[in-house]
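Data first, discussion second: the structure below is written as structure tokens.
The values are calculated or read from the model by the stated rules, or taken from the named source; none is laboratory data. Since this is a predicted model, take the numbers as computed values, not measurements. As a convention, Cβ positions derive from the backbone with ideal geometry for all residues, glycine included, and neighbour counts pool all protein chains shown. What goes into the accessible areas is simple: the full protein's heavy atoms, side chains included, and nothing from ligands, DNA or RNA. Shrake-Rupley method; radii C 1.70, N 1.55, O 1.52, S 1.80 Å.
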Amino acid sequence: MPRHDTSNAPVFSLYYIAIDTEAGVTPEQFEAFVRHKGVHIPCYPGWRWTLLRGLRGERAGQYMMLFEIDDAGQRDRYLAADGNQTELARQFWRDRSEARELVREWREYATFSELPTIYTDYRLLAENKKSTVADGPRYQERPGEEPVARVIGIHNLALRPDVRADTFESFIAENHHRIEDYPDWKFRLLKGERGNRLDQYVVLMEIASLEALHAFYPDADIATPEAAAFAKAYRDTKQMYEEWKQLASFSGSPQIYTDYLSVAESLN
């Protein structure tokens, strides 16, 4: 069975971040620094980052940096397969003394997205292009308005016994068009390809707001009547999920997961 071509697909890199609680740093102090100064740390061309704080699940209250990169080629220009910077990346930082000073200041509050930080790179396998979640900022503050603060769910998956990876991936490639997401939710399936924790597959759910999350799941794995009504209205999506479960675990319990709130995003 032919495999889905993902050679030009975006890469999502996740870096665990820890604040320096031994030095008395609080989450409020760290987030204030990132929003006012850290967001000015430049990104490599074709990269953007979002700082996430765990809402519920395995890493509630802890931080993660989510990098979205145009494709693997653009990643590889700046990071080698072992996670070290390429010469082009080293030159990027040599040319930006103000950025180096901001990174130094960041490290006074928390770890930064660099070795030896635990990280994983994931390649995009499938996404719901019909989703009502449009491309745009995951976090943004606007005068006189409530901040944009999207929710990012990171839900690990595992194959069932004796199921081959290419069987599951072919099923997703051929059937993900059947997925209808809740309003203001967006499905992506990612596959780990390098880093410290190669959790093989991850569902990345991008949700437009906390309100959109709570409309269907106000608590972990507790669905609202609106979620049940949605499932009845989109029976083929429900059927596709049942077929999925014959090949691999599904998003949510009992697998490891964390739902995060976006708390800052790079400006350039």
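Miscellaneous remarks
- Identity of the residue in the range 176-191, farther than 16 Å from SER249 by Cα and not basic (Lys, Arg), that ends up nearest to the chain's Cα centre (by Cα): TRP185
- Residue count for the range 249-265, restricted to those that are at pLDDT 95 or above and small (Gly, Ala, Ser): 2
- Taken over the range 108-136, residues that are under 22 Å from the mean Cα position of the chain (by Cα), at negative phi and part of a loop (DSSP other than H, G, I, E, B) amount to 16.
Each row is one residue, and each column tells you yes or no for (1) farther than 23 Å from ALA233 by Cβ; (2) out of contact with any helix residue (DSSP H, G or I) (no Cβ under 7 Å at 6 or more places or on another chain); (3) open to solvent by 30 Å² or more (accessible area, probe 1.4 Å); (4) of a type outside the set (D, E, K, R).
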site	(1), (2), (3), (4)
GLY144	yes, yes, yes, yes
PRO147	yes, yes, yes, yes
ARG164	yes, yes, yes, no
THR167	yes, yes, yes, yes
ILE179	no, no, no, yes
ASP199	yes, yes, yes, no
VAL203	no, yes, no, yes
ILE207	no, no, no, yes
ALA212	no, yes, no, yes
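- Odd one out for ALA99 among (1) outside any helix (DSSP H, G or I); (2) over 15 Å from the mean Cα position of the chain (by Cα); (3) of a type in the set (Gly, Ala, Ser): (1)
- Residue match in the range 16-34 (condition: buried (at least 16 other Cβ atoms within 10 Å of the Cβ) and closer than 17 Å to ARG194 by Cβ): yes
- Test: residue in the range 223-235 that is under 19 Å from LEU157 (Cα atoms), modelled with pLDDT of 90 or more and open to solvent by less than 60 Å² (accessible area, probe 1.4 Å): no
- Some residue of the range 255-264 being open to solvent by 60 Å² or more (accessible area, probe 1.4 Å), more than 20 Å from ILE179 (Cβ to Cβ) and in a loop (DSSP other than H, G, I, E, B): yes
- Close pairs (8 angstrom Cβ cut-off, 6 or more residues apart or separate chains): part of a loop (DSSP other than H, G, I, E, B) in the range 33-48, open to solvent by 30 Å² or more (accessible area, probe 1.4 Å) and charged (D, E, K, R) anywhere: LYS37/GLU105; PRO42/ARG96; TYR44/ARG77; GLY46/ASP70; GLY46/ASP71
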